[in-house]
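Read the structure below first, then the notes.
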Amino acid sequence: MLATQQAQAFQSSLIDWFKEVGKDYPWRQTTDPWHILVSEVMLQQTQVATVLGKGFYTRFLERYPTPASISNAPEQEILSAWEGLGYYRRVRNLQKAARAICENHEGVFPTQHSEILDLPGIGQYTAGAVASFAYNQSQPLVDANVARIFSRLFDYQERVDSTAGTKQLWQWAGELVSPSQPRLYNSALMELGQQICTNKSPQCGICPVKTCCQTSDPTSLPLKKARKKTVLLDELCMLAIDQKNQTILLHKASDSARRSGMWKLPERQAHELENQPLLLQRNYAITHHKVTLYVYQAPEKIELLEDEAWQPLTSLDALPLPSPFRRALNTLLKDHFA
DNA sequence: GATACGTGGCC
DNA sequence: TGGCCAAGTAT
């Protein structure tokens, strides 16, 4: 429960601070809902520096400036545009959302929060973000930044990732969202989490809303359930290159599989590769797994398994590859043709 | 409620 | 280094 006066003080302090020091991200220079949506989906579980640093946002929107422009794009093309961002399901859902907009909304991005929320891949957070950032609607949003801020602001000693915790955060978000300047306010809230109310070293001394904050131990919050333990995995692959045809054998992940639609080196059982030369060994992490990738020289005789295909070496750049395999192949091919 | 899903940055 | 985390969503 919050007095109106306190809420207004919180909002204006935050907004004033944001006007002074807020960053000038490209998605803050547009109100095009499609552009806002693309930025929000890219930023799901992904840091600003990653999206901005390698030019994903700009490149993606040059290629797909409207929902119509992506609705008929080939799977490999959209996955390639997403290569390196991870969570590849996101770009498939983006295309599904674009198709829904074309088919159910005559190509015009919907303006109602409930309609936005109905689009594939859009949950509570993203719906609130699009409604407030694109249309300046007074809709709350809760992401990791907001959860951290509110848990500290209200010294919330319960887990934020439980049903009750989530409900509490959204209630606070709803009570505090600015009725008059929601776009600025929501931007400011997330910026505060990014710049000041950070996870490891909050800058309470220069926080614009420090007089509102109830916690005395910010780094202990928010409370969350412990993470799943990391599992070690070995991944045994082979490098098979057909010199005559200038092709390479690759495997395409099936619809239901991890990294669906992405290509990688074909896997084999240990006994099939045990007498082959080891060409490369690398560690990489994926979700809660720690994977050791071994790449062996392929045996003379190869039996093709399901979803495996010989691909021209010249097509490698255009095929969507998960980052670890992109790196591994760069190294392997450099050595191979050295 | 629990779990799967990618990757890179940080300390 | 190894573990934690980030502008979450779907199942």
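Looking at segment A:65-87, which of the residues that are within 12 Å of A:M42 (Cβ to Cβ) and surrounded by 15 or more Cβ atoms within 10 Å (Cβ to Cβ) is nearest to DNA strand B (Cβ to nearest atom)?
A:G86
With respect to the numbered conditions (1) more than 29 Å from A:E75 (Cβ to Cβ); (2) in contact (Cβ under 8 Å) with a residue 60 or more places away in the chain, which one is the sole condition not fulfilled by A:A270?
Among (1) more than 29 Å from A:E75 (Cβ to Cβ); (2) in contact (Cβ under 8 Å) with a residue 60 or more places away in the chain, the lone unmet condition for A:A270 is (2).
Hey, any hits in segment A:180-200 for a residue that's more than 25 Å from the chain's Cα centre (by Cα) and not small (G, A, S)?
Yes: one or more hits.
Does segment A:188-233 hold any residues that are out of contact with any Lys or Arg (no Cβ under 9 Å at 6 or more places or on another chain), farther than 24 Å from A:Q5 by Cβ and of a type in the set (K, R), and which are they?
Answer for segment A:188-233, where residues must be out of contact with any Lys or Arg (no Cβ under 9 Å at 6 or more places or on another chain), farther than 24 Å from A:Q5 by Cβ and of a type in the set (K, R): A:K200, A:R227, A:K228, A:K229.
For segment A:10-59, which residues satisfy the criterion of being more than 16 Å from DNA strand B (Cβ to nearest atom) and of a type in the set (V, I, T)?
Result: A:I15, A:V21, A:T30, A:T31, A:I36, A:T58.
Could you check segment A:233-338 for strands (runs of 3 or more DSSP E) lying wholly inside it with 3 or more residues that are closer than 27 Å to A:Y87 by Cβ, of a type in the set (D, E) and within 16 Å of DNA strand C (Cβ to nearest atom)?
Of the strands (runs of 3 or more DSSP E) lying wholly inside segment A:233-338, none has at least 3 residues that are closer than 27 Å to A:Y87 by Cβ, of a type in the set (D, E) and within 16 Å of DNA strand C (Cβ to nearest atom).
Run down A:L239, A:L233 and say which single residue is among the hydrophobic types (A, V, I, L, M, F, W, C) and buried (at least 17 other Cβ atoms within 10 Å of the Cβ).
A:L239
A:S80 is checked against (1) in contact with a helix residue (DSSP H, G or I) (Cβ under 7 Å, 6 or more places away or on another chain); (2) without any contact (Cβ under 8 Å) to a residue 60 or more places away in the chain and fails just one. What number does that condition carry?
With (1) in contact with a helix residue (DSSP H, G or I) (Cβ under 7 Å, 6 or more places away or on another chain); (2) without any contact (Cβ under 8 Å) to a residue 60 or more places away in the chain applied to A:S80, the lone miss is (2).
Just to be sure I understand the filter: pairs with C-beta atoms under 8 Å, separated by 6 or more residues or on different chains, first member in segment A:151-167 and assigned by TED's automatic domain parsing to the domain that holds A:L192, second member among the small types (G, A, S). Which pairs pass?
A:D155/A:S216; A:Y156/A:G165; A:E158/A:A164; A:E158/A:G165; A:R159/A:G165; A:V160/A:A147; A:V160/A:S151
The values are calculated or read from the model by the stated rules, or taken from the named source; none is laboratory data. Given the structure is predicted, the values throughout are model-derived calculations rather than measurements. FYI the Cβ positions are ideal-geometry reconstructions off the backbone, even for glycines, and counts take in every protein chain you see.
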